[in-house]
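Read the structure below first, then the notes.
Every read-out reported here was derived from the displayed coordinates using simple, explicitly stated rules and does not represent laboratory data. Being a predicted model, the structure only gives us computed values, none of them experimental. Don't worry about glycine lacking a Cβ; one is built from the backbone with ideal geometry, like all the others, and counts go over all protein chains shown.
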Amino acid sequence: MIAAAARAPAPSLDVPAFEVEGLRVMLDNAPLISDATLSVARGECLGVVGESGCGKTVTFLGAMGLLPRRMRVTGRVRLAGEDLLGRTEAQMERIRGRRVGMIFQDPQSGLNPVRTIGRQLIEPLRLHLGLSPRAARDRAVELLSMVGIPTPASRLSAYPHEISGGMAQRVMIAIALASEPEVLIADEPTTALDVTVQLQVLDLIRKIQQDSGLAVIFITHDLGVVAEICQRVTVMYAGHTVETQAVPRAFATPLHPYTDALLRCLPGLDGTLPAFLPGEVPVAGHAPPGCPFHPRCARAGDPCREAMPAGQDRARGRVACHFPLEAAP
Amino acid sequence: MTALLSIEEMAKTYEVTQGGIFGRKHPLRAVSGVTLKVEPGQSVGLVGESGCGKSTLAKVAAGFVTPSEGRVEIEGQALRDDRGRMRPGRRRVQMVFQDPLAALDARMSVAAQIDEAVRLGGATDVPAERRRLMAAVGLGQQFDARFPHELSGGQRQRVVIARALAARPRLLICDEPLAALDVSVQAQMLALLADLQRDFGLSLLFISHQLATVRALCDEVAVMYAGRIVEQGSAAQIFDRPAHPYTAMLLSTTLDPRIRRPRAAVAGEPPDPANLPSGCAFRPRCPRATELCARTRPELGAGPSDGRVACHHPLTP
């Protein structure tokens, strides 16, 4: 259905579809992102979780060259093995429109309210794929039907306000996938939707990912959503990637105390009140010395107050912690 | 015992205009035939998808919206007198909304906002009462001089709750109070609401689409669909032995990293309230629907378990 694999410049299978390594984003002298390292393979869905203000969104805006100029982005960002940082704005624009699709939380604000859905869907097809008006229209109908919109041909002339939130998010997905990208970055795409509609959108993303080998990065604060559609999860805290593990193992046996604390914040399945995690994420530029999580961490010791541990690859995954939770023997 | 809040056979119809400003007006029934009681100290959860009427029901209970039909009583007294004016008893019911930033005055300090509510509540020693309320919601004195934009989402919601408590309410209506917050802050707020319920003897009418949260906080749960209550019962019954296929569908949509289970397919979206299907409104999405469901709308009655359900073909435990 989506021929992303055929269009990509034939990456070898062990090169990640998208990779961020030691990414740093500085605003003046304050680090917004101190060290973000993660990767996603073709046909894989990677969840990125953490509380608000942990840097989930900024990491990907930085990686895709969407931050204001005064924020300095360093480190490495690779799309199918090719470096992205240091490219010109024109080059990045082509990559964003063509090879990396992005969808955001509020579908209605991502759509232009005074243009029909058809026009917004046909434009990228004409621009990026060079399709004729006729072919672009046919493809638009195909895309709408793929994302589960009933009577797609008649929906082309609808305006965004004439469709429901769930439908609007489906249209956004159709637009993001129109140019047959290799990577889809989805930033809280289902947070504003009803649980029932959320599940339908998740099913849709999973199906497209499996059918086409699309790599999906799914940014969310909802661990349940990650468990539902992701194969691996990266946890961020205060501008650092602190843990990466396979799902569902990450939730059964988390490595980082922060991941463990987030899981304990969920109300019990039997209706018991959750434990709570005291304190809040430090504001960028005001992180305490050492590991930024140490003031909230039950396992913190002297080393945690002195130095942020580097991320280390372990048998079960990657973790940046002086005292990780090891699997019980 | 008189119920703290009693809503009987309540309906709310809005007039909506279709086809531009000169278009025809159509009645739109947001809520129909709803009967709901909240006893002193009880917490009742209200769940359902967007547009099912749960927020309209909450606004009617809080007195913000006048029902088109039916009665609303607080401690046995009608919310409005014969001339349609609000009775003082209305202050016994306070409401907390989803977006705390919209509920707070951006140009007033935390202390000033709470003081204003404290004065309306009739307390004599305003600073002492403010400190008591702020302590109750877990805000220290260092927050007195802060402004809403200087607070985190959780802290703002605490200020909103402190202000609501200043009126010495018996019933707190919370409309998705946790939806915009991180899981860590949600856990803190849940603990706070449970404490307030115990310490102040508060009743809660808690509206949420997060079912695990409702279960943690509520004794009784009502499930709404297309403007009507379709199932009502104890939290244990609703969560462990749902009788309405819609309740079962909602429960199956709960995503939780701790459970892995096969799920029934979830289909469709709620109907347009201006254009409801005949018979049972859930019929087009229901795997158990028959011809009977298209003909007759089922009334809320005793369910196969201990709750009440409006379904021709309820699930048996």
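Take the Cα of B:GLU116, step 7 Å toward its Cβ, do the same at B:ARG146, and the gap between the two points is 1.9 nm.
With r defined as the distance between the Cβ atoms of A:LEU66 and B:ASP105 and R0 fixed at 35 Å, what FRET efficiency is calculated, to the nearest 0.05? For A:LEU66 and B:ASP105, the calculated efficiency is 0.55.
Starting from 0.36 nm per residue, how many nanometres of slack lie between A:GLU82 and A:ARG126 once their C-alpha separation is accounted for?
Here the segment from A:GLU82 to A:ARG126 would lengthen by 13.3 nm.
In a DSSP loop and with at most 16 other Cβ atoms within 10 Å, the trypsin sites (Lys or Arg not before Pro) in region A:265-329 are A:ARG299, A:ARG314.
Given R₀ = 30 Å, FRET efficiency for A:ARG94-A:GLN210 by Cβ-Cβ distance, to 0.05?
E(calc), rounded to 0.05, equals 0.65.
Need one number: nm distance between label points at B:HIS26 and A:VAL114, each 7 Å from Cα along Cα→Cβ, rounded to one decimal. Using points 7 Å along Cα→Cβ, the separation is 2.8 nm.
Computed from Cα atoms, the angle from the helix A:117-129 axis to the main principal axis of chain A rounds to 80 degrees. Helix A:195-212 and the longest principal axis of the C-alpha atoms of chain A enclose an angle of approximately 80°.
Among the trypsin sites (Lys or Arg not before Pro) found in region B:1-105, those both in a DSSP coil and sparsely packed, with 11 or fewer other Cβ atoms within 10 Å of their Cβ, are B:ARG83, B:ARG85.
With a simple spin-label model that places each label point 7 Å from the Cα along the Cα-to-Cβ direction, the separation between B:ARG85 and A:SER52 comes to 4.1 nm. Summarising the strand pairing of the protein assembly as shown, around 60 percent of its internal DSSP beta bridges are antiparallel. Put simply, the amide H of B:LEU46, placed in the peptide plane, has neighbours under 5 Å in B:PHE206, B:ILE207, B:SER208, B:ALA222, leaving out anything fewer than 5 places away on its chain. FRET efficiency for the pair B:LEU292 and A:ASP270, taken as 1/(1 + (r/R0)^6) with r the Cβ-Cβ distance and R0 = 45 Å, rounds to 0.80.
Against chain A, whose longest principal axis is taken from its Cα atoms, helix A:89-98 shows a tilt of about 70°. Note on B:LYS37: lysines with a C-alpha under 19 Å away, same-chain residues under 8 apart excluded, are B:LYS12, B:LYS54, B:LYS59. Taking chain A as a Gaussian network of alpha-carbon nodes connected by springs under 10 Å, the highest mean-square fluctuation of the residues A:ASP187, A:ASP260, A:ASP28 belongs to A:ASP28. Mind telling me which of B:GLY121, B:GLY48, B:GLY140 comes out most flexible in a GNM of chain B, alpha-carbon contacts under 10 Å? Checking each option, the largest mean-square fluctuation is seen for B:GLY140.
The slack in the chain from B:ASP219 to B:ILE259, taken as 0.36 nm per residue of separation less the alpha-carbon distance, amounts to 12.1 nm.
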